[in-house]
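The structure under discussion appears below in the form of structure tokens.
The values are calculated or read from the model by the stated rules, or taken from the named source; none is laboratory data. Small disclaimer: the values here were computed from a predicted structure and weren't measured. Positions of Cβ are generated from backbone atoms using ideal geometry, with glycine treated the same way; all protein chains shown enter the neighbour counts. Note: areas computed on protein heavy atoms with side chains; ligands, DNA, RNA excluded. Shrake-Rupley method; radii C 1.70, N 1.55, O 1.52, S 1.80 Å.
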Amino acid sequence: MSGISIVGLGNMARALAGRALAGGNAVEIIGRDPAKAEELAAALDGATVGTAGAAPAGDIVVLAVPYAGAAAVVGAYGDALRGKIIVDITNPVAPDLTGLVTPDGSSGAEEIAKAAPADTHVVKAFNTLFSHVLAAGSAEGRPLDVFIAGDDPEAKARVSAFVESLGLRPLDTGRLAMARALENAGLLELGLVAHSVKHTDFSLGVSLLG
């Protein structure tokens, strides 16, 4: 199993940490508010608490923070992230849901990678799952699909193994540039919530025919 450090204290952090612990992974919770980090770790029963800005204990570091501050968080950690795998779960969506806030020809994951040390590998994952859906882990009796993208095959393999430990199915979509498509898929989901489905009790997945 894996050593996982989760940077963030929100709903996605809680859902990921809960499934990670259930899958036998070592989980470290890191947040800017130490008291809230301690509270979340205590509620999860089994997680440890790290120090914001210090080197994360886990080899896989999950960025469970809003996109607006994600690159700054990575930059603030600096060399403390050397050799780590960073999992970017953010959706860089404009407040009015009309598009993405990333530069043309780039993605949130690629922008985060620019802020990371050169020997750090960024993998996009989990951004198409709502937190309560992720916490449930399955839909209609089958594991949820987790789409991943990244440039380093070994990093993707390790993230895929982590995803499988959560009881979910990893689906490799290609290089990190494919994060652009995955982030647009996140935007698509929010459009469905706003205009047709009207709730978040759904997930995107792949059904194999035949």
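For the range 171-178, check the following and say yes or no: at least one residue is in a strand (DSSP E or B), open to solvent by 40 Å² or more (accessible area, probe 1.4 Å) and touching a residue at least 24 places away in the same chain (Cβ under 8 Å). Checked the range 171-178: at least one residue is in a strand (DSSP E or B), open to solvent by 40 Å² or more (accessible area, probe 1.4 Å) and touching a residue at least 24 places away in the same chain (Cβ under 8 Å).
Among the residues of the range 118-144, what is the count of those that are open to solvent by less than 20 Å² (accessible area, probe 1.4 Å) and more than 13 Å from the chain's Cα centre (by Cα)?
Selection size over the range 118-144: 4.
Please work out if residue 4 is in contact with a Pro (Cβ under 7 Å, 6 or more places away or on another chain), at pLDDT 95 or above and either open to solvent by 50 Å² or more (accessible area, probe 1.4 Å) or of a type outside the set (D, E, K, R) (or both). Answer is no for this residue. The number of residues in the range 58-82 that are open to solvent by 40 Å² or more (accessible area, probe 1.4 Å), touching a Gly at 6+ places or on another chain (Cβ under 6 Å) and outside any helix (DSSP H, G or I) comes to 1. Applying the selection to the range 151-170, what residues are open to solvent by less than 80 Å² (accessible area, probe 1.4 Å) and either of a type in the set (Ser, Thr, Tyr) or assigned to a helix (DSSP H, G or I) (or both)? Hits for the range 151-170 are 155, 156, 157, 159, 160, 161, 162, 163, 165.
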